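Here is the structure we will look at, set down as structure tokens.
The values are calculated or read from the model by the stated rules, or taken from the named source; none is laboratory data. Not measured: the values here are computed from a predicted model. Every residue, glycine among them, receives a Cβ derived from its backbone with ideal geometry; neighbour counts consider all protein chains shown. Please note that ligands, DNA and RNA were not included when accessible areas were found on the heavy atoms of the full protein model with its side chains. Shrake-Rupley method; radii C 1.70, N 1.55, O 1.52, S 1.80 Å.
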Amino acid sequence: MPTDTRVPTRAAEAMSGGRPVPARPRRHGARGLPNPLSALVLVLFLVLFVLPVVWLLLAATKTDDQLVHGSPLSFGSWRALADNWHALTSFQDNAIFSWLGNSAVYSSVALVITLCVAVPAGYALAMIEFRGRRTLLVATLVVMLMPNATLVVPLFLEVNAVHLIGSMWSVILPYAFYPFGVYLTYIYFTTSLPRDLIAAAKLDGCSQLGVFRHIALPLAAPVVALVGFFSFVANWTNYFLPYVLLPESDQFPVQVGLGTLLNAVPQFNPTVGTAAVQRPELALATLVAITPVLLVFLFSQRFLVAGMLAGATKE
């Protein structure tokens, strides 16, 4: 339907005693000018985060001579990439695949145990009143804030006391202890779980376990996915603990395996013998090591966004 765009102007003239009201000048380009601070942050992000990743991707396509003397951001060749892959998989009889398999087993089993322990623990701390609850919560916070390196020696002594040094459980059980997951689920259940819904379920005769299983757990699916992702990434990228607890190379996860490859690079270790690894092969191994985490992130990002927003508002 056509409209008369002059009506507001006539109304304004009537209110001003018949005098025409001058139009406000428009500020051309005010929204088009970029914020200098935002541009600076983007440039710093590009230099500090994006360029190293691009360099790493391109380094795997070069020979060692091209990596040193060529342009840092130039593409090598597909043939060099294939040669680097062949050399990498030939190192210690396909050790890279063994390390990847070990990381998958350690991280997956520990993840299952973490979800079976951390989520009920967070629910109990949030919804059940019991003696020592505040002490457990404070202890969880303290352990969560401690650097992982400070816990290696106590964990080594505990694992050695039960004679598990050198077994897969020496890595899996410490991995499964994930205080950040407990605290994250505690925050979610405290802020986002409707108390009226729990009270109604209890009035209908539902037990505490039934409330957790049939009401709390389905509603907490996003935060459970978030805890699972963080736990998997923390387990996959852990280096120091398996390096201390696992004595054999065929037991190493891929992060410790990367350390083995680094020690086999002549430029970093001049005492390397015939089993030398070139720097482009090391770059390719790094890309292989981070690929599973990237795939998990891509397939679970919808749940991760929902989990990050869970508990952001309180009804």
Net charge (Lys, Arg +1; Asp, Glu -1) of residues whose beta-carbon lies under 15 Å from that of Val182, Val182 excluded, is +2
Using packing as a proxy for protection, rank 206-214, 258-266, 143-151 so that the peptide with the highest average count of other Cβ atoms within 10 Å comes first.
-> 258-266, 206-214, 143-151
Expressed per residue, the solvent accessible area of region 112-187 in Å² (1.4 Å probe) is about 58 Å²
When the Kirkwood hydrodynamic radius is evaluated over all pairs of different C-alpha atoms of region 45-99, what value in angstrom, to one decimal, is obtained?
-> 12.3 Å
Using the Cα gyration tensor of region 200-267, the equivalent ellipsoid's semi-axes, largest first and to the nearest Å, work out to 46, 12, 6
Once you have the Kirkwood Rh of region 159-275 from its Cα pairs, apply Stokes-Einstein at 4 °C and 1.567 mPa s and quote D in µm²/s.
-> 73 µm²/s
For Val138 and Phe268 in the same chain, what is the full-extension length gain: residue separation times 0.36 nm, less their Cα-Cα distance, in nm?
-> 42.4 nm
If you average the sequence gap of Cα pairs under 8 Å that are 6 or more apart and divide by the length of region 38-161, what percent do you get for the contact order?
-> 12 percent
Given region 63-179 reduced to its alpha-carbon atoms as identical point scatterers, what log10 I(q)/I(0) does the Debye formula return at q = 0.10, 0.19, 0.21, 0.22 Å⁻¹?
-> -0.57, -1.08, -1.20, -1.25
Which FRET efficiency value, to the nearest 0.05, is calculated for Ile187 and Leu51 with the Förster distance at 35 angstrom and r the Cβ-Cβ distance?
-> 0.45
What's the long-distance tail for region 141-215, i.e. % of Cα pairs beyond 15 Å?
-> 68 percent
